[in-house]
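What follows is one structure encoded as structure tokens, with my remarks underneath.
None of the figures in this text is laboratory data; all of them are computed from the coordinates on show. Small disclaimer: the values here were computed from a predicted structure and weren't measured. Glycine also receives a Cβ, built like all others from the backbone with ideal geometry; neighbour counts cover every protein chain displayed.
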Amino acid sequence: MRICGVELTGNDAVVCLLNLENQQFNIPDCRARKISLPKEHSREDLKQFQAAFTQLMRDYKVDKIAIKGRLPKGKFAGGAVSFKLEAAIQLIADIDVVVLTSSQAKAALADNPLQIPFADTELKGFQEAAFITAYVAHQNIT
């Protein structure tokens, strides 16, 4: 199964693909590390974001999208644009989308710690949360 982990920050959807085959994790190459929405965006820009994200998921045959949840209010609340991005991703047809809370992530990581240090994945540092989200999503389905 191939899962795309997503962290929504500002106007960006940071992505990381993660496969699990024969009990072995694999991080496939991906042409995009993030997909962005312009700061000053229109309805058309949001549709273009959704179309680009959808095409990326189809090109890489993603089975499930796991989004790192953000708080709706408080000191560490997600911005309004990130919730628009989340809605655009959730409305993609024919792909299962889940939002994972930080408590789900902590519980999954406590039960099944990462098998390798993130630094050994060869991913960019800003992809760490997306990678962990994809890993946690795999743990929640196996």
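Does a label point 7 Å from the Cα of residue 44, set along Cα-to-beta-carbon, have any residues of region 69-109 with amide nitrogen under 19 Å, and which are they?
No residues fall inside that zone.
Taking H placed 1.01 Å from N in the peptide plane, check which residues at least 5 places from residue 97 or on another chain put their amide H under 5 Å from its amide H.
For residue 97, whose amide H was placed from the backbone, the distant partners under 5 Å are 65.
In region 2-141, what % of DSSP beta bridges are antiparallel (nearest 5)?
For region 2-141, the DSSP antiparallel bridge percentage is about 60.
Find which of 16, 104, 114 sits farthest along the positive direction of the dipole of the chain, computed with +1 on the beta-carbon of Lys and Arg, -1 on that of Asp and Glu, about the Cα centre.
Sorting the options by dipole projection puts first 104.
Net charge within 12 Å of residue 82 by Cβ-Cβ distance, Lys/Arg positive one each and Asp/Glu negative one each, not counting residue 82 itself?
Details: positive: 68, 70, 84; negative: 7, 12, 86.
The answer is 0.
Under the definition of Cα pairs under 8 Å and six or more residues apart, what whole-number percent is the relative contact order of region 23-142?
Details: 80 pairs, mean separation 32.7, N = 120.
27 percent.
How large is the helix-only mean residue ellipticity at 222 nm for the chain, computed as the sum of -39500 (n - 2.57) over DSSP H runs with n ≥ 4, divided by its residue count, in deg cm²/dmol to the nearest 500? Spell out each step's value before the answer.
Working: 4 runs with 52 residues, N = 142.
Mean residue ellipticity at 222 nm (helix-derived): -11500 deg cm²/dmol.
Using a simple charge model, +1 on the beta-carbon of Lys and Arg, -1 on the beta-carbon of Asp and Glu, nothing else, what dipole does the chain show about its Cα centre, in debye to the nearest 20?
The calculation lands at about 440 debye.
What's the ranking of 96-104, 128-136, 65-73 by average number of surrounding C-beta atoms within 10 Å, highest first?
Descending packing order for the listed peptides: 128-136, 65-73, 96-104.
Do any of 47/73; 34/73; 84/106; 68/124; 34/84 go past 21 Å between their Cα atoms, and which? Working shown, then result.
Working: 47/73 26 Å; 34/73 25 Å; 84/106 25 Å; 68/124 17 Å; 34/84 16 Å.
Listed pairs above 21 Å: 47/73; 34/73; 84/106.
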